[in-house]
Amino acid sequence: MSNNRRSNNSQQFRQTLETIAELQVPAVELDTKSQPDRYRRPCVRLEWERGSPICSIEEPRGSALSVQRTFAPRPRCIVLPLRFAFLGLSATTLYFDITQYPTENLWIYCGFFHVWVFIMHVIYQICSFLCCTWDGFTEQPISQNGKQLLYSPGFLVHLTWLFFSVSVNLGLLNVIIYWVFLFDGGVGFDSASLTSIAMNAGVLLVVLTDGFVIGKIPIRIKHVIVVWFVACLYLVWMGIQELLGLGNGNWAWEDPEDDINDDVLYENIQWKNDPYKSYFYTTLIMFVVLPVLFLLTWFISFAAAGFKFNGTGYRLYDHNREDVEKKRKKGRDDERSISTGSHSYITGSSTEGGSRESVAGSRSAYSYNTGSSSGGNSTRESRTNYVECP
């Protein structure tokens, strides 16, 4: 009789666990394998992204990016120290660049374009590092009933994504401006020191590696709005700097008799002295160079994903991989203890005097009580099953 009760309780417990698992696991069915052929063309992909929100994780045919595997990939024991090392490299570069900068000119240090770009690099690296520190930052957005995927990630993921797009595109623009128009091979401000190489190329390679190789972060076509906005902010700053006559510091190689070119940040953009030339260069940068660079980075993001414009090359959200595995891992010891019959029981019998005897396990998770009364006396028999859990 006792064995039959134990068998019935074990069966009830197993059924209850299955019911709990069905209630907790969201039933999201996605088709991420068979994508429409029309999304394999870049022009159709561009049109599709144009109709999506600026930071949507949605991919064609109802699939979605895996937020965790894209912005905080595993294994964490490797990615987290690696991103910390990247951030340390950028901080070291910034430290040496500031310490080597003339003290009397530090007030205008943040006025140059390459410093703006470097700050974007550092902000992205801080955000990407924070994404790896806690799973809550990269939690997959799912509706409350667990039946529908949502396509808007968390705030930190938004920041990481946008700063990555801005830092990559403006970083490439800075490489062109610095190494093509400013670098003269000398020993002054534009020399090819290790610090200047790291400031104007090296850290950009680190950001590209972190975003496209480690994380496979896609570039959305609407991110060009944010890139343009930051570029316009710098143009506004250049106009304010020239209008107020703030200057660019005192440098040993400047011509004391040249009062026209000495106080501007960049010689090719001087709104007071040569507005037509300034208008030509700003128009060329904003509407030709920057869009071309953005399309280039857009293609690079797909190149990192195997040129699969339908999104299958990215790290897509897989319900079976990311949700079920978590809950299976959590209940693995419970299922193992059920299959092997490693239960600990509390058995007791009550008499009219109320005496009770029990034997209990050291750890417990779930309990089930069964009772029966007989005769005129209030006799009662109770049994509680406890299952060991980790």
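Any idea which of GLY313, GLY306 is assigned to a loop (DSSP other than H, G, I, E, B), small (Gly, Ala, Ser) and at pLDDT below 80?
When all the criteria are applied, what remains is GLY306.
Of the conditions (1) over 19 Å from ALA72 (Cβ atoms); (2) at pLDDT below 95, GLY136 fails just one. Which one is it?
(1)
Filter segment 27-43 for residues that are open to solvent by 30 Å² or more (accessible area, probe 1.4 Å) and in a helix (DSSP H, G or I); which is modelled with the highest pLDDT?
If we take residues in segment 27-43 being open to solvent by 30 Å² or more (accessible area, probe 1.4 Å) and in a helix (DSSP H, G or I), then CYS43 is modelled with the highest pLDDT.
What's the total number of residues in segment 109-134 that are among the aromatic types (Phe, Trp, Tyr), in a helix (DSSP H, G or I) and either surrounded by 15 or more Cβ atoms within 10 Å (Cβ to Cβ) or at positive phi (or both)?
Qualifying residue count, segment 109-134: 5.
Are there any pairs, at least 6 apart or on different chains, whose C-beta atoms fall under 7 Å, with the first in segment 223-243 and under 22 Å from PRO275 (Cα atoms) and the second open to solvent by less than 30 Å² (accessible area, probe 1.4 Å) and among the hydroxyl-bearing types (Ser, Thr, Tyr), and if so, which?
Within 7 Å, the pairs are LEU235/THR282.
Here are the criteria: (1) modelled with pLDDT of 90 or more; (2) open to solvent by 40 Å² or more (accessible area, probe 1.4 Å); (3) assigned to a loop (DSSP other than H, G, I, E, B). Tell me which single one PRO153 does not satisfy.
(2) is the only condition that PRO153 fails.
Counting just the residues of segment 56-79 that are over 26 Å from HIS223 (Cα atoms) and assigned to a helix (DSSP H, G or I), which one comes out least open to solvent (accessible area, probe 1.4 Å)?
Filtering first and then ranking leaves ARG76.
Please find, among ILE123, ILE119, the residue that is under 26 Å from VAL226 (Cβ atoms), in contact with a helix residue (DSSP H, G or I) (Cβ under 9 Å, 6 or more places away or on another chain) and free of Cβ contacts under 8 Å to residues at least 12 places away in the same chain.
ILE119
So which residues in segment 92-108 are open to solvent by less than 60 Å² (accessible area, probe 1.4 Å) and not hydroxyl-bearing (Ser, Thr, Tyr)?
Once the filter is applied, which keeps residues that are open to solvent by less than 60 Å² (accessible area, probe 1.4 Å) and not hydroxyl-bearing (Ser, Thr, Tyr), segment 92-108 yields LEU94, ASP97, PRO102, ASN105, ILE108.
Every residue in segment 99-108 that is assigned to a helix (DSSP H, G or I) and either modelled with pLDDT of 95 or more or among the hydroxyl-bearing types (Ser, Thr, Tyr) (or both), please.
If the condition is that a residue be assigned to a helix (DSSP H, G or I) and either modelled with pLDDT of 95 or more or among the hydroxyl-bearing types (Ser, Thr, Tyr) (or both), then THR99, THR103 are the ones that fit.
Could you figure out which of (1) under 26 Å from LEU295 (Cα atoms); (2) open to solvent by 70 Å² or more (accessible area, probe 1.4 Å) isn't true of PHE137?
(1)
The values are calculated or read from the model by the stated rules, or taken from the named source; none is laboratory data. Please read all numbers here as calculations on a predicted model, not as lab measurements. FYI the Cβ positions are ideal-geometry reconstructions off the backbone, even for glycines, and counts take in every protein chain you see. With ligands, DNA and RNA removed, areas are computed over all heavy atoms of the protein, side chains included. Shrake-Rupley method; radii C 1.70, N 1.55, O 1.52, S 1.80 Å.
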